1. How do the pairs read when you match residues in the stretch 105-119 that are of a type in the set (A, V, I, L, M, F, W, C) with residues anywhere that are loosely packed, with under 15 Cβ neighbours inside 10 Å, using Cβ under 6 Å and keeping only pairs 6 or more apart or on different chains?
2. If you check residue 173 against the conditions, is it surrounded by 15 or more Cβ atoms within 10 Å (Cβ to Cβ), under 19 Å from the mean Cα position of the chain (by Cα) and modelled with pLDDT of 95 or more?
3. So, residue 212, is that one assigned to a loop (DSSP other than H, G, I, E, B), touching a residue at least 40 places away in the same chain (Cβ under 8 Å), within 18 Å of residue 95 (Cβ to Cβ) and not polar (S, T, N, Q) or not?
4. So which residues in the stretch 157-170 are in contact with a Phe, Trp or Tyr (Cβ under 7 Å, 6 or more places away or on another chain) and part of a loop (DSSP other than H, G, I, E, B), if there are any at all?
5. For the stretch 1-117, please list each of the helices (runs of 4 or more DSSP H) lying entirely inside it that holds at least 3 residues being buried (at least 18 other Cβ atoms within 10 Å of the Cβ).
6. Taking residue 219 as the residue in question, decide whether it is modelled with pLDDT under 95, surrounded by 13 or more Cβ atoms within 10 Å (Cβ to Cβ) and either in a loop (DSSP other than H, G, I, E, B) or under 19 Å from the mean Cα position of the chain (by Cα) (or both).
Amino acid sequence: MEYNLHPLGDNAVLIELGNEISQEAHEKVQALTAVLETQPPDWMTEYIPAYTTVSIFYDPLLIYQLSSDKLPYDYVCSLIKPLMEGLEASKAADARVVEIPVCYGGEFGPDLEYVAKHNGMTPEEVINIHSSGDYLVYMIGFAPGFPFIGGMSEKIAAPRRESPRLKIPERTVGIAGMQTGIYPIETPGGWQLIGRTPVKLFRPHDDSPTLLKAGDKIKFKPISLKEFENWKETE
């Protein structure tokens, strides 16, 4: 597996596994994070996966105790190299599929009309395209449980708002460029809002505090306002 190592501050190594967002780079990230999760090195304090990189953090003082004749960064790089040998990309065929119901438009999706007008189509066409996409969660970030989801059709792509909103309700579905995502908690944001899901993404009291994980496949399912309200009553 091809990769490049770069220093990240004074206590981390950035492992670059690609130079553009792609399925291939994502599979490499998944393979490496699977190893770090199941066989965490003693010297590692944390790892953070992203679109094409994995950042591995370490304690410089601990590393110095292990090898005082090398700089901590150089020593960690020497440990990462055998870790990367023989690593094979994880195929997405085994990915978990998660269905996300969405009530589109209205008060839940105030920007649906804009997205439709921007792309020269009707709101119904935007909904049909958005809910029929083949989506992949590339990474979790920005806010607890916020999924950056790729695979959206360029036919409904839309730019971020010029002025971000100060408050976006939790579970709101948005579009930014050729990405779609779901706000798991109330937070500021500049994405175009097209709907809302009754499904809670951030579950801080559960063993797994976030519903979605990098590598998940997403299927959006349109639901009515009545279905949304009934769903909320059952939670």
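1. The qualifying pairs are 116/122.
2. Numbers: surrounded by 15 or more Cβ atoms within 10 Å (Cβ to Cβ): yes; under 19 Å from the mean Cα position of the chain (by Cα): yes; modelled with pLDDT of 95 or more: yes.
Criteria met by residue 173.
3. yes
4. 160, 170
5. Output list reads 23-38, 72-84.
6. Values: modelled with pLDDT under 95: no; surrounded by 13 or more Cβ atoms within 10 Å (Cβ to Cβ): yes; either in a loop (DSSP other than H, G, I, E, B) or under 19 Å from the mean Cα position of the chain (by Cα) (or both): yes.
No; evaluated as a whole, the condition is false for this residue.
The values are calculated or read from the model by the stated rules, or taken from the named source; none is laboratory data. These numbers were taken from a predicted model, which means no experiment stands behind them. Don't worry about glycine lacking a Cβ; one is built from the backbone with ideal geometry, like all the others, and counts go over all protein chains shown.
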